[in-house]
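Encoded as structure tokens, the structure appears first; notes follow it.
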Amino acid sequence: MVSDFRAQAFQLKPASNSVDVTAAQRLVHHLRSIAQNDAPWITVLVLLNLIFFGDALFTDKTFFVRDVSFFHYPLKRLVTEAFTQWQWPLWNPYIQLGQPLLANPNTMALYPTQILFQLLPFQIAFDLHFVLHCLLAGIASFCLGRTLGLSRHSAFLSAGIYNFSGITLSFVNLFNILPVVAFLPVLALGLIKTLRSFSLFRAACASFLFGIFFLLLEPLSSIAVALFLIPFLGAIVFFSPPPKCSLAKAATLVLTIVVSGLLLASVQIFPALELMQHSGRKGGMGFDVVSFWSFHPVCLLQVIFPRLFGEYFRLAEPPPWGNLFFDNREPYLLSGYLGFFPLLLGLWGGLFSKKRWMVNLLLGVCVLSILLALGKYSPFYSWLFRYCPIFRYGRYPVKFMFVANFCFALLAGLGLDRIEELRDQYCFKSRTTYWGIVLFLFSVAALFLLSTALSSERALSKMNAGVGEANHLSFHYQGQTLNISRSIISGSLRNIQIHLGAFLLFVLLIRWKRIRLNIVRGAVVSLILFDLFINNFWINPLIQADLYEPAPAALFINRKTQREGLSRIYALEQGQIDRNSAILGQTDSVVWIALYRKLTLFQFLAAKDHIQYSVFDPIDRLETLSSQKVRQELAMAQTLDDRLRILAGLNVGFILSAKEVSSSLLSLEALFQVNSNQPLRIYRLANRLPRAYLMYSNQVGQKRFADRPNIREPLAPTEGRNHELIHVPDDQKIVGSEIEISSYSPNLVEIETRADRNSFLVLLDSYYPGWRASVDGQLAEISCFQGAFRGVELSAGNHKIIFSYAPRTFSYGLYISSFTGLAWIACLLFSRTFAQRSP
């Protein structure tokens, strides 16, 4: 039996080894199959974004620079509050006497990331909005590169450049423009997949992608996307491998997808078009406004020189020398840095790639987008402004640069693919290619030697064309002196040396066949991404999330209005910041400005705390014309008292000022210390009108429909229940009347009145199409009082008046969007059912 047991054990042992060998082979095969697909590369892109934006995602820090903090954050707060209360975010009562909210595309009220704000804590969702769009830009670029035939390394390099380039990261400062940057490769990928292999499901997905894109409604960015997609799709149709889609079928399919996307976005498009007709953008804007932030040609130096123009996030003097090229402001794109190494790869791909149709397309679109981005620095854009009306509605031509950035990222991937062919001898069979490569490498070597020579102290001292300090070089430009730090110049030259040397070393290692190609590829991609990380990380500084907590002054005013009734505020120094008065403490960071805006109740930041502003200077040119007329009337006031009387007629109860103000109409109410040597002063304004009041019906006369607001004199308020808080001249009372606002919410205002005679109810909120009124349950006509406010005729007796905001444009758009979405779903279900039943 022992021998039998040993025999069995001996026989089982080879079987066990066979099982182990088979399992090991399967594991190796599985790991190899994973390495040979695209999933690991996408995973690495996700990890890189998590690392790069780690502070924003995993700490209590958040974004705040420029429009992010004082414009988009508070608007998103209001939208989220409305949805949380199961209401449509249609109206914003906190700015400019009341303004449409959803109709303003800047709020992105219906954009898909709004789901994050409803499901997650607001701060986490706010940060994820930026990170997810940067990640989407990278992943979509990688997938598009693979679809166009790039190798995995090359597609990954293109995605990394587009994801972490200075241009893309500069758009993180712009809440509503960054999604456009991400959607450029997404839309291109969706269309090329649909054209190459049509299915109803792919067409539906592409249509929904366009619908989401059209929710953004950014004029110039949409033109920029079309600038790439139209020639790109034409090239795909002509040069795509068989089976090809005919031009007629391709055009019909693309047109159907685009039109369907427009219909899906009707719920945003219709209200936005109505707002545009009643805002400062009606008929377009002036050329100076449209072309303000144009791409100055000197900004091309940013492509290879990191942080060339100086430090934008410091308040200490002197300001960055580059401000001279941007009307003494920071540039719209804080950085355009790509690096010299990717630039050389892109040039290599443009010169030597075999995919000439793709190279010519990318180069042509890149050059055209740069010409458009030049804006006022090129006569080309002024011609478009005159003869193409759409260019009058969008601002800042520099936005076109993100298309050039995308084209260049793809060219760099083509260059990496092409340069790897140097390892094979057949690439030198063509004499033209051989001498072209030799000349290219000789030029790179010459530039390396030149940058080394220029970086010497002797060369830097000879550059000084004027008289400057020892640590600065002085140059003259248009009669002004530019003082450029020596450290900036020497650091830029050293950066060029590193990139040129790395490129030459890369070419040598490619030719050295003893080193595996994947090792060289990995080293190059890692070097480029590391360079983009360290040189573009500064673009989006962070701040503690408590910046967005309510300011003490906001809490104070809210308590006052809850006790005394609705009233608005007005800031005498609108948006003016005296940097010289700043108490900087241990830092001179631009964080001081963000904190100062919060503590002094900057207009939009205060709106998130439910502080109601009267009027202020327009910001996005989408403020209604009625509020702008009131602001113009206010600006015409000759004296401070005249100005204050107008404000009292706007239901302004509190005046904010950083300076001491003297007037018989003002009484100091409170002082709040801010990060400045001047406190915030809150004054109470006497004689303010209540938010709603009654006047004699026969007193309205021509004032009701006046074209120009005439609000210098008090307009006969009533003897209401809060009469003790409001000074009303005795000769303008309606004897035996009272009024009470029983409910006041963004989309609904309920008022109860009692009067012994016929009267006219005035509500000091903006008149705008879409507001409806009912008196005791019966529809009533809303009159435009003094060209700006809402009014309703009332008969004698007790009445309940309800103002509700339900714009027809939103209703029509919602119906069209819903019907289009349901039609796509029905088509997909029908096609699937038909496919299952067919043999």
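The values are calculated or read from the model by the stated rules, or taken from the named source; none is laboratory data. Only a predicted model underlies this, so the values are computations on that prediction, with no experimental measurement involved. Reconstructed Cβ throughout: ideal geometry from the backbone, glycine too, with neighbour counts over all protein chains shown. When the accessible area is computed, the model is the full protein with side chains, heavy atoms only, and any ligands, DNA or RNA have been set aside. Shrake-Rupley method; radii C 1.70, N 1.55, O 1.52, S 1.80 Å.
Details
- So residue 738, is it farther than 24 Å from residue 610 by Cα, touching a Lys or Arg at 6+ places or on another chain (Cβ under 7 Å), modelled with pLDDT of 50 or more and open to solvent by 20 Å² or more (accessible area, probe 1.4 Å): yes
- Beta carbons closer than 6 Å, at least 6 apart along the sequence or on distinct chains, pair a first residue in region 358-371 that is farther than 21 Å from residue 299 by Cβ with a second that is assigned to a helix (DSSP H, G or I) and small (Gly, Ala, Ser) for 359/350; 361/235.
- Every residue from region 430-450 that is within 15 Å of residue 507 (Cα to Cα) and aromatic (Phe, Trp, Tyr): 434, 440, 442, 448
- For residue 428, the test of being modelled with pLDDT under 75 and closer than 30 Å to residue 149 by Cβ is passed.
- Enumeration of residues in region 373-386 that are in a helix (DSSP H, G or I) and open to solvent by 10 Å² or more (accessible area, probe 1.4 Å): 376, 377, 379, 380, 382, 383, 384, 385, 386
- Selected residue (criterion: farthest from residue 813 (Cα to Cα)) from residues of region 75-91 that are buried (at least 21 other Cβ atoms within 10 Å of the Cβ) and in contact with a helix residue (DSSP H, G or I) (Cβ under 6 Å, 6 or more places away or on another chain): 75
- Strands (runs of 3 or more DSSP E) lying entirely in region 762-828 (those with 1 or more residues that are open to solvent by 50 Å² or more (accessible area, probe 1.4 Å) and touching a residue at least 40 places away in the same chain (Cβ under 8 Å)): 789-794, 797-805
- Any hit, region 222-233, residues being part of a loop (DSSP other than H, G, I, E, B) and either among the aliphatic types (A, V, I, L, M) or out of contact with any Gly (no Cβ under 7 Å at 6 or more places or on another chain) (or both): no
- Within region 619-636, residues that are closer than 20 Å to residue 75 by Cα have Cβ atoms under 7 Å from residues that are in a helix (DSSP H, G or I) in these pairs: 619/71; 620/106; 622/275, counting only partners at least 6 apart in sequence or on another chain.
- Residue 193 open to solvent by 40 Å² or more (accessible area, probe 1.4 Å) and more than 26 Å from residue 139 (Cα to Cα): no
- Failed criterion for residue 204 (all others in (1) assigned to a helix (DSSP H, G or I); (2) farther than 15 Å from residue 105 by Cβ; (3) touching a Leu at 6+ places or on another chain (Cβ under 9 Å); (4) open to solvent by 10 Å² or more (accessible area, probe 1.4 Å) hold): (4)
- Qualifying positions in region 309-349 - touching a Lys or Arg at 6+ places or on another chain (Cβ under 8 Å), surrounded by 18 or more Cβ atoms within 10 Å (Cβ to Cβ) and part of a helix (DSSP H, G or I): 348, 349
- Single match in 258, 237 (criterion: farther than 30 Å from residue 629 by Cα, in contact (Cβ under 8 Å) with a residue 12 or more places away in the chain, touching a Leu at 6+ places or on another chain (Cβ under 6 Å) and of a type outside the set (Asp, Glu)): 237
- Taken together, the residues in region 477-516 that are under 16 Å from residue 450 (Cα atoms) and hydrophobic (A, V, I, L, M, F, W, C) amount to 8.
- Residues that are part of a loop (DSSP other than H, G, I, E, B) and over 13 Å from residue 80 (Cβ atoms), drawn from region 98-114: 98, 103, 104, 112
- Restricting region 269-304 to residues that are of a type in the set (D, E, K, R) and assigned to a helix (DSSP H, G or I) leaves a set whose member that is nearest to residue 532 (Cα to Cα) is 288.
- Among the residues of region 530-551, those that are in contact with a Leu (Cβ under 7 Å, 6 or more places away or on another chain) and within 20 Å of residue 171 (Cβ to Cβ) comprise 536, 539, 540.
- Test: residue in region 582-595 that is modelled with pLDDT under 90 and among the aromatic types (Phe, Trp, Tyr): yes
- Strands (runs of 3 or more DSSP E) wholly inside region 615-687 that include at least 3 residues being open to solvent by 30 Å² or more (accessible area, probe 1.4 Å), among the polar types (S, T, N, Q) and more than 28 Å from residue 275 (Cβ to Cβ): none
- Those residues of region 138-152 which are open to solvent by 10 Å² or more (accessible area, probe 1.4 Å) and either under 14 Å from residue 49 (Cα atoms) or touching a Phe, Trp or Tyr at 6+ places or on another chain (Cβ under 7 Å) (or both), in sequence order: 139, 152
- Residue 298 vs. criteria open to solvent by less than 60 Å² (accessible area, probe 1.4 Å) and in contact with a Cys (Cβ under 9 Å, 6 or more places away or on another chain): no
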